[in-house]
Amino acid sequence: MALLPPPENWDKEKPSKDEKTWVYIALLSCLFMFFWMIGWHIFGKQNTSFVSYKVNPMEFFQLYNSFVEKYKIGEKNGTPVVKPPPESDVILLARMWSWSPILVLEKDKWYTFHISSLDLQHGFSLQPVNMNFQVIPGYDHVLKFKPTKEGEYSIICNEFCGIGHHLMIGKVIVIAEGETPEKYLGEIKTEKNDFAEKGYFNQAGKINPE
C-alpha cells in the first residue's frame, strides 16, 4: 500500500488555535509538575533529604560489626537485633539477599541512618513510610529519620538483585520508651554481645562468592 506524500509546505503553516491551546496546556502541565516536584520534596513526608559519601566496603563492614556488637540485644532467626540509643548513628547493611540488623528504635526520637551495600545495587524502601532511594556499593548513604508511629516497619529491596530478591525484607521495630520489642518480634534469642561476622571478605579484601 503506497503512502501519500504530505501536503506541500505543510511545515510552514501556522498551527491552528486548537493546536496552540493543547501546546500551552502541555507546557503549563510540565511546569506545574516540575515545581510541584521541588515543593513536594520540601513539604512531603516521604522524601527525606540525604547525603552520600564514598566508603570502602571493608571499612563499612567493620563499622557494621562494631555497631552490632555494641548495641545487640539478641537474635531473631540468625539476624542480630540491635537497639541503639536515640540521637545515635544507625548502621544498616544491604547484601544479597538480606538487610541487617533488625533495628529497634524509639518513637518520636531522631536517628542518623548510615546505609550501604557490600555487593550490588539495592533499593531501600521503608514501608509504610514510603521512603525510597537507591543503595549503591561503595557509598555511605546518610539520612535523618524520626519514626512517629509504633509498630513494625518493613525494609523492602525494590531494585532487582538476583534470584533471592523477593526474600530481601528487613525490619525496623518502633516502640515507646521503656517498652520491649517482643510485642512485635516474639521471643528473641538473647546472648552476650560478642557478635562479629567473619568470612564475608577474603584476605585480598574481595567479597567471597559464597
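Matching residues to (1) outside the structural domain of His141 (by TED's automatic domain parsing); (2) in a loop (DSSP other than H, G, I, E, B); (3) among the acidic types (Asp, Glu):
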{"residue": "Asn65", "(1), (2), (3)": "no, no, no"}
{"residue": "Val68", "(1), (2), (3)": "no, no, no"}
{"residue": "Glu75", "(1), (2), (3)": "no, no, yes"}
{"residue": "Pro86", "(1), (2), (3)": "no, yes, no"}
{"residue": "Ala94", "(1), (2), (3)": "no, no, no"}
{"residue": "Leu105", "(1), (2), (3)": "no, no, no"}
{"residue": "Thr112", "(1), (2), (3)": "no, no, no"}
Selection from the stretch 72-96 of residues that are over 20 Å from the mean Cα position of the chain (by Cα) and touching a residue at least 40 places away in the same chain (Cβ under 8 Å): Lys72, Ile73, Gly74, Glu75, Lys76
If the Cβ limit is 6 Å and pairs must be 6+ apart or interchain, which residue in the stretch 97-114 that is in contact (Cβ under 8 Å) with a residue 60 or more places away in the chain pairs with which residue that is open to solvent by 20 Å² or more (accessible area, probe 1.4 Å) and among the polar types (S, T, N, Q)? Ser100/Thr79; Ile102/Thr79
So which residues in the stretch 121-170 are among the hydrophobic types (A, V, I, L, M, F, W, C), under 23 Å from Lys54 (Cβ atoms) and open to solvent by 40 Å² or more (accessible area, probe 1.4 Å)? Ile136
Out of all the residues in the stretch 101-120, which are crowded, with 23+ Cβ neighbours inside 10 Å and touching a helix residue (DSSP H, G or I) at 6+ places or on another chain (Cβ under 6 Å)? Pro101, Ser116
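The values are calculated or read from the model by the stated rules, or taken from the named source; none is laboratory data. Since the structure is predicted, the reported quantities are computational estimates derived from the model, not experimental observations. Counting neighbours? That spans all protein chains shown, and the Cβs are built from the backbone with ideal geometry, glycine included. The accessibility values were calculated without ligands, DNA or RNA, using every heavy atom of the protein model including side chains. Shrake-Rupley method; radii C 1.70, N 1.55, O 1.52, S 1.80 Å.
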